[in-house]
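These notes concern the structure reproduced below.
The values are calculated or read from the model by the stated rules, or taken from the named source; none is laboratory data. Remember, predicted model here, so these are calculated numbers, not experimental data. Here Cβ is always computed from backbone atoms with ideal geometry, including for glycine, and neighbour counts include all displayed protein chains.
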Amino acid sequence: MPRKSEAIVVGAGIAGVMSALELARRGASVTLIDRWEPGHSRAASTDYNRVFRAISGRDEFYTRWVRDARQRWLEMQAETGQTLYYECGALILATAGHCDWEDATPATFDTVGVPYYRFSADDAAAHFPQFDFTGISYALFEPEAGMVMAHRCVRAGLELFERAGGTVRRGRVVTDENERLMLDGKPLEADLIVVATGAWMADMFPRTIKPISAIIGINVLYTSTPDGDDSFDQARMPCWIDHGEGSFGLSSVEGSGVKAAVVIPDRIDLDNDERLIKRETLSRTRSYIRKRLPGLIGERVVDSKFNQVILTPDTHFIVDWHPGHDNVLLAGGCSGHLFKHGPVFGDFVAGVGLKEYGTADRFKIAGRKKLSPRESPSGR
């Protein structure tokens, strides 16, 4: 009987948990290591929820992955008996003169078979009265989209991993001057080591990953819904993306309040900065809410989150072998749109790690370059 492959996964965010789960399900003996308890509040995979949408402009690859991920989230929801996914839809607001990404989407959706509606600004206002569509040329509505419950998904994946025989360990993995992985002063050894440490990957691999990474902080506010009014709840309001305003948001779910973020790239010291939003961002986000969600004017901020995102120049993920350590697979890269892909991403990483197939060209470390919004799958 062949020996089980021994695998270590470093980092227990959504990328690490899903990769560890899929490796365990393929028969590997897997240990998952994180500095803190999985689901901790420093991770990019924390917070209540994430937008789930297939829209990726002209990029069919990610559009197909998200459609696959939708089915897998539903299966995982049924398997765990937990609510992981709310299908409230996603509304994409196209600003005149700045909508190459949105303009390219219908052809992709038609090819892949994604249901959608295109509304004029007036029609969109009739369907979604929560929004003020001033300055919007048109809107795309994706009904089979919505939100995944981020923290809950990580914990549910961890539960399935342990149920599959996986081991969870607390510890801080670092690298030496040769980018060799170390734990407790000793080299980390296994047939396969997957590193899925999110933004920390850049500092862990200063030669390999840092040159193709940008770490930015994102400030998010949750605003109370009005007294006696359920029109901003997920049952009646979709999530949305508003690239013209550099913003996105999610309807209130399970009493969270309406989540809105104006993406103002901010610096963050991953190990030393407290996870508190900057006061100056309050006025910027409140101004956006006054403009786009007039029914929330005067409502109070009830919660806030400050988190980090690691971005590659082309916003593609990283799934590639370390050039100096042939058993080390680096997995992550663009947490700005990775979470919703979680189950598919983990399955792909496991297959690459166990040499069932090679990685995709777009996920390789070499050859990265910045893409225009027209080319980028994330629209930025």
| note | Counting only residues in region 1-41 that are at pLDDT 95 or above and of a type in the set (D, E, K, R), the one surrounded by the fewest Cβ atoms within 10 Å (Cβ to Cβ) is identified as E6
| said: Among the residues of region 94-116, what is the count of those that are among the hydrophobic types (A, V, I, L, M, F, W, C), loosely packed, with under 14 Cβ neighbours inside 10 Å and over 14 Å from F133 (Cβ atoms)? | reply: 1
| field | Single unsatisfied condition, F119 versus (1) exposed (fewer than 15 other Cβ atoms within 10 Å of the Cβ); (2) more than 30 Å from V9 (Cα to Cα); (3) more than 26 Å from the chain's Cα centre (by Cα) | value | (1)
| request: Residue by residue through region 136-169, note down the ones that are among the aliphatic types (A, V, I, L, M) and more than 18 Å from the chain's Cα centre (by Cα). | output: I136, A139, L140, L160, A164, V168
| request: Sort through S252, S283, S287 and tell me the only one that's among the polar types (S, T, N, Q) and modelled with pLDDT of 95 or more. | output: S252
| message | Tell me whether region 169-182 contains one or more residues that are touching a residue at least 24 places away in the same chain (Cβ under 8 Å), in contact with a helix residue (DSSP H, G or I) (Cβ under 7 Å, 6 or more places away or on another chain), more than 28 Å from P294 (Cβ to Cβ) and acidic (D, E). | response | no
| message | Looking at S231, S287, S283, can you tell me which residue is outside any strand (DSSP E or B), more than 18 Å from the chain's Cα centre (by Cα) and surrounded by 15 or more Cβ atoms within 10 Å (Cβ to Cβ)? | response | S231
| message | Would you confirm whether or not region 351-360 contains a residue that is assigned to a helix (DSSP H, G or I), buried (at least 19 other Cβ atoms within 10 Å of the Cβ) and not charged (D, E, K, R)? | response | yes
| field | Verdict on A90 being within 30 Å of A156 (Cα to Cα) and in contact (Cβ under 8 Å) with a residue 40 or more places away in the chain | value | yes
| So H316, is it surrounded by 20 or more Cβ atoms within 10 Å (Cβ to Cβ), over 30 Å from E254 (Cα atoms) and touching a residue at least 60 places away in the same chain (Cβ under 8 Å) | yes
| query | Wholly within region 11-118, which helices (runs of 4 or more DSSP H) include no fewer than the required count, namely at least 1 residues that are of a type in the set (S, T, N, Q) and out of contact with any Gly (no Cβ under 7 Å at 6 or more places or on another chain)? | reply | 60-80, 100-112
| field | Count of region 254-274 residues which are closer than 22 Å to V51 by Cα and touching a Gly at 6+ places or on another chain (Cβ under 9 Å) | value | 9
